[in-house]
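Student: The structure's right below; bear with me while I get my questions together.
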Amino acid sequence: MSYDLSPQVIEQRRLAYDELTRRFGQREATRYEEGTIGVQHQENFHYRPMWNPDVEIYDPSMTRLKLTDWYSFLDPRQYYYATYNQARNKTMENLESQLAYVSEKGMLDKIAGDWHNIFLAYLLPLRHYEYGGVTTMTYVARFAYGTSIEQCASFNAFDKMGNSQIITKFALMLPNADQLLADGKKAWLEDAHLQPLRSMVEHSWLITDWAEAIIVQNLLLDPLLYNLLYQEFDRVALDNGALAVTFVHKYMSDWLKDNLRWTNALVEAFLNDEQHGEANRQAIQQILDGWRPKVEESVRPLAAIFEMPRIKGNFEASWQQAAQNVDQNLERLGLNTASEAPAMAG
C-alpha cells in the first residue's frame, strides 16, 4: 500500500479585519495596518473629562486642523511596537560601538581642556531640552486623534527620552561626570544664553492644540536647533580636534531626518485633505508665522557657544545655513518660509 503525502493548501477565509477589508478590499493586511487602522475609540464613552466637559475623552476637536479620514495619514516608516524597537535597537548598537571606539582610543583624553566647559555650555544642558520634548510629545500622544498619529507621537516621546540618555551617556565618559551633570542642570536653569531656549520649551507646554505642538517642535524648534548645533557647530568641533563628540552630533542629526519623515507626511495629509486642505493650510501657515520669530529668538543666543573654542566658528554663516535648512523643508511642503511670510501686525 502507498500513501500520497502531497501537501494541501488551506486558503484563509479572512485576509484581514473588517475595518481593513472595507478600506483596502480583499488583500492581506500588514502587521502595521492591523495594529493601527480603526483602533481609535469613537463611541460609547462613559464620561466627559471633568477638566473640559465640552469635549469627549477622545475628541477630534482638540485641534483646529481636520482630516476627513483620520487614517489618511500612515507612518511612512511603518513603525509599530516591534518594528520601532528593532530599528532603535540597531541604531543604539551602532552608537554604542562608536562610543566604545571613542573610549578605546582615548579620544576624550585628547580633547583640549576648554572643551569640557564648552560641553557644559551646550551639550549637557540639552539633556533637559530633550526631556522637555518628552513632555510635549506625551501630551500630543494623549490628545491626538487617530492611532496612526498617536503612535508616532508616542515613539517621538520615547526618542526624545533616548536622546537625553545619549547625552548623559556621553557625559559619563568625561572626568568628574557627576559634577558635570549637576553643573549642566544648573546651566540650564541659570545661564543667560540658555534661558530663552528654556522659556521657549516651557511655553510650548502651554499649547493645547496638539497639532500646533507638533508643528512648533518638529518643524521649527528641533530642526533649527539641531541644524545649528549638530550640523554647523559640528564643523567647529572638528576644526578644534573634538572628534569624540561628533559621533553624538551625527546620531542627533540622523534622528532628526528620521523624525521629519512622519512629521512631513502628517503635514502633507493635512494640506492635501480634499475637504479641509485649504483651511488646514491657512491654520498651519498662521502657526508657522506666529511661532517662528519666537523660536529664532530662543535659539539665537547660542551664538555665544561659537565664540568659546580656540578656533572660533562663524555664527552668522551657520545661522543662515541652519535657517535655510528649515526653509527648504517648509518649501518642500509647499509652505511659506520666514522671508515669504507676510509681516505680522503689531
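Any read-out appearing in this document is the output of simple, stated calculations on the displayed coordinates, not a laboratory observation. Keep in mind the model is a prediction, meaning the values are calculated, not measured. Using ideal geometry, Cβ is built from the backbone for each residue, glycine included, and neighbour counts are taken over all protein chains shown.
Student: Using only Cα atoms and rounding to the nearest 10 degrees, what angle (0 to 90) does helix 147-171 make with the longest principal axis of the chain?
Tutor: On a 0 to 90 degree scale, this one is about 30.
Student: How high is the relative contact order of the chain, given as a whole-number percent (alpha carbon pairs under 8 Å, six or more residues apart)? Could the numbers behind the result be given before it?
Tutor: On the way: 369 pairs, mean separation 72.3, N = 346.
Relative contact order comes out at 21 percent.
Student: About the Cα centre of segment 211-346, what is the dipole size in debye to 20, counting +1 per Lys and Arg Cβ and -1 per Asp and Glu Cβ, all else neutral?
Tutor: With Lys and Arg at +1 and Asp and Glu at -1, about 460 debye.
Student: Another question about this same structure. Under the Kirkwood approximation applied to all pairs of distinct alpha-carbon atoms, what is the hydrodynamic radius of segment 1-65 in Å?
Tutor: 16.2 Å
Student: What full-extension length gain, to one decimal in nm, is calculated for T21 and N117 as 0.36 nm per residue of separation minus the Cα-Cα distance?
Tutor: Full extension of this stretch gives 28.7 nm more.
Student: At R0 = 45 Å, how high is the FRET efficiency between A82 and K312 if r is their beta carbon distance? Nearest 0.05 is fine.
Tutor: E(calc), rounded to 0.05, equals 0.45.
Student: Taking the dipole about the Cα centre of segment 18-111, with the C-beta of Lys and Arg at +1 and of Asp and Glu at -1, give me whichever of F73, V102, V39 is farthest to the positive side.
Tutor: V102
Student: Which one of H116, G184, N163 is farthest out on the positive end of the charge dipole of the chain, using unit charges on Cβ (Lys, Arg +1; Asp, Glu -1) and the Cα centre as origin?
Tutor: H116
Student: Another question, if that's okay. Measure nothing fancy, just the Cα-based angle from helix 126-143's long axis to the longest principal axis of the chain, in degrees from 0 to 90, nearest 10.
Tutor: Helix 126-143 and the main axis of the chain meet at about 20 degrees.
Student: Any chance you could run the full-extension gain for Q321 through Y47? It's 0.36 nm times the residue separation minus the Cα-Cα distance, nm to one decimal.
Tutor: The span from Q321 to Y47 would gain 93.6 nm if fully extended.
Student: Which of G146, G313, G106 moves the most in a Gaussian network model of the chain with Cα springs under 10 Å?
Tutor: Maximum among the listed residues: G106.
Student: Further question: Can you give me the relative contact order of segment 190-339 as a percent, contacts being Cα pairs under 8 Å and 6 or more apart?
Tutor: On the way: 122 pairs, mean separation 57.4, N = 150.
In percent, rounded to a whole number, it is 38.
Student: Sticking with this structure for a sec: Helix 277-299 sits at what angle to the longest principal axis of the chain, using alpha carbons and giving 0 to 90 degrees rounded to 10?
Tutor: Long axis of 277-299 versus the principal axis of the chain: about 20 degrees.
Student: Among N89, V326, Q12, which residue has its Cα furthest toward the positive end of the charge dipole of the chain, with +1 on Lys/Arg Cβ and -1 on Asp/Glu Cβ?
Tutor: Result: N89.
Student: Just to verify a number: FRET efficiency for E202 and Q12, C-beta to C-beta distance, R0 = 56 Å, to 0.05?
Tutor: Computed FRET efficiency for E202 and Q12 comes out at 0.60.
Student: Using alpha carbons only, how many angstrom separate the centre of segment 134-178 from the centre of segment 9-62?
Tutor: Each part's Cα centre sits 26 Å from the other's.
Student: A follow-up question, please. Roughly what would the spin-label model give for S61 and A192, points 7 Å off Cα along C-beta, in nm?
Tutor: If labels sit at S61 and A192, their model points lie 4.8 nm apart.
Student: Dipole magnitude of the chain about its Cα centre, charges +1 at Lys/Arg Cβ and -1 at Asp/Glu Cβ only, in debye to the nearest 20?
Tutor: The dipole of the chain has a size of about 500 debye.
Student: Using +1 on the beta carbon of Lys and Arg, -1 on that of Asp and Glu, and nothing else charged, what's the dipole of segment 181-286 about the Cα centre, debye to 20?
Tutor: The dipole of segment 181-286 has a size of about 300 debye.
Student: Given just the C-alpha atoms of the chain, how large is their convex hull per residue in cubic angstrom? Before the final figure, lay out each step's value.
Tutor: Values: hull volume 74.0 nm³, N = 346.
Value for the chain: 214 Å³ per residue.
Student: Could you calculate the FRET efficiency of R235 with R300 from 1/(1 + (r/R0)^6), where r is the beta carbon distance between them and R0 is 25 Å, rounded to 0.05? Can you show the working numbers first?
Tutor: Working: r = 19 Å, r/R0 = 0.74.
Result of the calculation: an efficiency of 0.85.
Student: Give me the extension gain from K257 to A177: residue separation times 0.36 nm, minus the current Cα-Cα distance, reported in nm with one decimal.
Tutor: 25.8 nm
Student: Here's a follow-up. Which whole-angstrom value gives the distance between the alpha carbon centres of segment 258-286 and segment 76-129?
Tutor: 32 Å
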